[in-house]
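Visitor: Could you have a look at this structure, given as structure tokens, before my questions?
The values are calculated or read from the model by the stated rules, or taken from the named source; none is laboratory data. Predicted, not measured: the structure shown is a model, and the values here were computed from it. Reconstructed Cβ throughout: ideal geometry from the backbone, glycine too, with neighbour counts over all protein chains shown. Protein only, heavy atoms only, side chains kept; ligands, DNA and RNA dropped before computing areas. Shrake-Rupley method; radii C 1.70, N 1.55, O 1.52, S 1.80 Å.
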Amino acid sequence: MPAPVQRRILLAHIDEPGYTSDIDCYLRHGGYGVMKRAIARQPEELIDEVKKSGLRGRGGAGFSCGLKWTLVDRKSGKPVYLVVNADESEPGTFKDRHLIHQDPHQLIEGIMITCWANNVRQAYIYIRGEFPQGARILERAIQEAREHRFVGRNILGTAYSCDVFVHRGAGAYICGEETGLIESLEGKRPYPRIKPPYFPAVLGLYQCPTIVNNVETICHVKHIADMGGDAFARIGTPNNTGTRIYCVSGHVRRPGYYEFEVGRITLGQLLYEVCGGPRPGRTFKAVIPGGSSAKVLKFGERFRVKLREGSMAEWSVEDIPLDFDYLSACGTMGGSGGVIVMDDSVNMVEALANINAFYAHESCGQCTPCREGSLWMRKITTRMVHGGARAQDGELLQSVADQIAGRTVCAFGEACAWPTQSFVQKFGDEFRQYAETKKTAKPVTPLV
Amino acid sequence: MTTHLPAKHAETGGGRDLKKADEAALLDLLETLEHKHGFIPREISEELTRVIEVRLERLRRIQGKLDSTIRRDVKVHVARWREEEGNLIMILHAIQNQHGYVPREVAMELARELGVKLARIYEVITFYHYFRLQPPGAHSLTVCNGTACYLKGSADLLNESRSRLGVSEGQTTADRQFQLEVVRCIGCCGMAPAVVVDGQTHGRVKTSDIPGLIEAAKKQESKK
């Protein structure tokens, strides 16, 4: 593959000196021009553009955005809502924060185009409670947009009206799950709903059809409306179109957020060429490629993967192209784009203890396998790092995790089982060694 | 028997607050007296009763005022969000913004105003970590313990903060100056490990930075 060059579409102006979150600055850079053109078009045309673009959701599941929009029940006579998921809580992910803080109007323009395309009269931005500054920035931006008649009644002098509200979350990871988020918007505990029948596209917010999209996805909609679906589909790789923001954290020399065409960069290029490789004197040991719930990859692993052309290839971790399909083929996922890198200084048992503490804390408690299972996994890893490790703990953890995944209402069950399953599977030796060597070690406090 | 209350205690009846130190001195005094006489002389106990009565009366007056302000404030918050369905979380945000936490009296008033059961409100408050049931400290120190920050050494930061402040996470120092919190990922993984002091995020924090951050926050207060 050629040397990777960033293709900054969403991040075009972010970190540009002098670029602010004011509407004046946005307008100077051609802001809301795409929206003006979009509102002159038929909504169906815009939905077609998004379908043609092949845009896949950037929140974690990678579900086709165009398909999501088509599934919306438009015959019910009920209003259609748009909910923008800005509850970015996945450890290792920080793209939405920057999109909101530094370019809020790009998001609002994307929202208004989405609303027009889907005949939405009421949109919500659900922003997590830990981003009070983000909420203030968005509220101010919406107010500015309202004054310029981009939001609110009679948008741009047409008969179309649509308002946007900012709703603040209050510190719960599960609110990032779309049906949990909807419950939370209704002012309740965010217990995810069971699907079927509660598909948001049919029975969402207040039992009305609802579209739930991630911040990054909605920002892409603006650019699709701008360049057209076909042009967007030419960026990236087949079935993995467009660009995506990779958030790199952990043990690399230059952590940060980088935007690349999906699949046109490999994990190795991202970590070595873009992020400067490991810290001096260290080597990479493991990487979690899609937020903390994705399965971990171990450096030195080999993968046999069937290529799109049909031939087979054998890859090391460094060779994996960062797109949805190939990452799944390698047994993990693209998820939210949060790449967490661990070098040889990391003890995998302790790292898992931290992740398990997170999931046990954040399990909403609705489904027994997840509520109990995540707690037991935390108890086991906590005991291990406090000097009570036993040789068979790895298998014990594995068996608990296996009994959670696939047995819960929402995907949290998988999200909390995958780290444990993959850590134990790939670093089983380390779990066994831990029992022998760390019995008398000083207790570490990675837990919450 | 010529023992009398120290002058500053006699003045307390005039409306000055009984400070913590005063209370401790008072208790010491009582203990000494009891030890000496086997009982507490009448003139002292009468003087004390008088002081306490005055203080209670003041408290009652404040409480009365508080009740009516609570009612008014809750009405304002509810009116602001009434039009919106599912407004409870936003109302609770407004209440916590005002008080720093959600006091029980306010929650009760809110239940009356919205016409829902108190349990419905507590169900929400207790689920979301952001809402507090206890008054916060004057300053807050929040250590991020997300996976990325953990890898970069947040456990050491947390240990250092614990020993500097003398409290564990979720607690507030005895003088109510500082509260220590742990958060799970605040979206600053690129500048891990991150610490938030009084709402201000600091990245790439080293263990040796913690005392300085605490001192700086304290100074901020004295400038005000």
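Visitor: Tell me, which residue of segment A:363-385 that is surrounded by fewer than 21 Cβ atoms within 10 Å (Cβ to Cβ) and farther than 25 Å from A:Gln433 by Cα is nearest to the other protein chains (Cβ to nearest Cβ)?
Guide: A:Gly365
Visitor: In addition: Restricting the search to segment A:386-399, which residues are surrounded by fewer than 22 Cβ atoms within 10 Å (Cβ to Cβ) and assigned to a helix (DSSP H, G or I)?
Guide: Of everything in segment A:386-399, those that are surrounded by fewer than 22 Cβ atoms within 10 Å (Cβ to Cβ) and assigned to a helix (DSSP H, G or I) turn out to be A:His386, A:Gly387, A:Gly388, A:Asp393, A:Glu395, A:Leu396, A:Gln398, A:Ser399.
Visitor: Where in segment A:266-357 are there strands (runs of 3 or more DSSP E), lying fully within it, with 2 or more residues that are open to solvent by 20 Å² or more (accessible area, probe 1.4 Å) and away from chain B (no Cβ under 14 Å)?
Guide: Qualifying strands (runs of 3 or more DSSP E): A:302-306, A:312-316.
Visitor: Right, next: Could you tell me whether B:Ser161 is surrounded by fewer than 20 Cβ atoms within 10 Å (Cβ to Cβ), away from chain A (no Cβ under 11 Å) and either part of a loop (DSSP other than H, G, I, E, B) or touching a residue at least 24 places away in the same chain (Cβ under 8 Å) (or both)?
Guide: Against the criterion (surrounded by fewer than 20 Cβ atoms within 10 Å (Cβ to Cβ), away from chain A (no Cβ under 11 Å) and either part of a loop (DSSP other than H, G, I, E, B) or touching a residue at least 24 places away in the same chain (Cβ under 8 Å) (or both)), B:Ser161 does not qualify.
Visitor: Sticking with this structure for a sec: Report, ordered by the first and then the second residue, all pairs with beta carbons closer than 9 Å, sequence separation of six or more or different chains, a first member in segment A:363-389 that is at positive phi, and a second member that is surrounded by fewer than 18 Cβ atoms within 10 Å (Cβ to Cβ) and among the polar types (S, T, N, Q).
Guide: Partner pairs satisfying both residue conditions: A:Gly387/A:Thr440.
Visitor: Scan segment A:141-196 residue by residue and report those that are in a loop (DSSP other than H, G, I, E, B), within 11 Å of chain B (Cβ to nearest Cβ) and not acidic (Asp, Glu).
Guide: A:Gly169, A:Ala170, A:Gly171, A:Ala172, A:Gly187, A:Lys188, A:Arg189, A:Pro190, A:Tyr191
Visitor: Now for a separate question. B:Leu114: within 29 Å of B:Arg71 (Cα to Cα), open to solvent by less than 60 Å² (accessible area, probe 1.4 Å), within 10 Å of chain A (Cβ to nearest Cβ) and touching a residue at least 12 places away in the same chain (Cβ under 8 Å), yes or no?
Guide: yes
Visitor: Assuming B:Asp28 fulfils every condition listed in (1) of a type outside the set (S, T, N, Q); (2) within 25 Å of the chain's Cα centre (by Cα); (3) open to solvent by 50 Å² or more (accessible area, probe 1.4 Å) apart from one, which condition is it?
Guide: Here B:Asp28 clears every test but (2).
Visitor: Going by the structure shown, is A:Pro91 within 14 Å of chain B (Cβ to nearest Cβ) and surrounded by fewer than 24 Cβ atoms within 10 Å (Cβ to Cβ)?
Guide: So A:Pro91 does not fit the description; no.
Visitor: Hey, could you check segment B:168-204 for residues that are among the β-branched types (Val, Ile, Thr) and farther than 17 Å from B:Gly146 by Cα and say which is least open to solvent (accessible area, probe 1.4 Å)?
Guide: B:Thr173
For every residue, the table says whether it meets (1) in the same structural domain as A:Glu177 (by TED's automatic domain parsing); (2) touching a helix residue (DSSP H, G or I) at 6+ places or on another chain (Cβ under 8 Å); (3) acidic (Asp, Glu); (4) surrounded by fewer than 17 Cβ atoms within 10 Å (Cβ to Cβ).
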position	(1), (2), (3), (4)
A:Ala3	no, yes, no, yes
A:Arg7	no, no, no, no
A:Leu10	no, yes, no, no
A:Lys36	yes, yes, no, yes
A:Thr70	yes, yes, no, yes
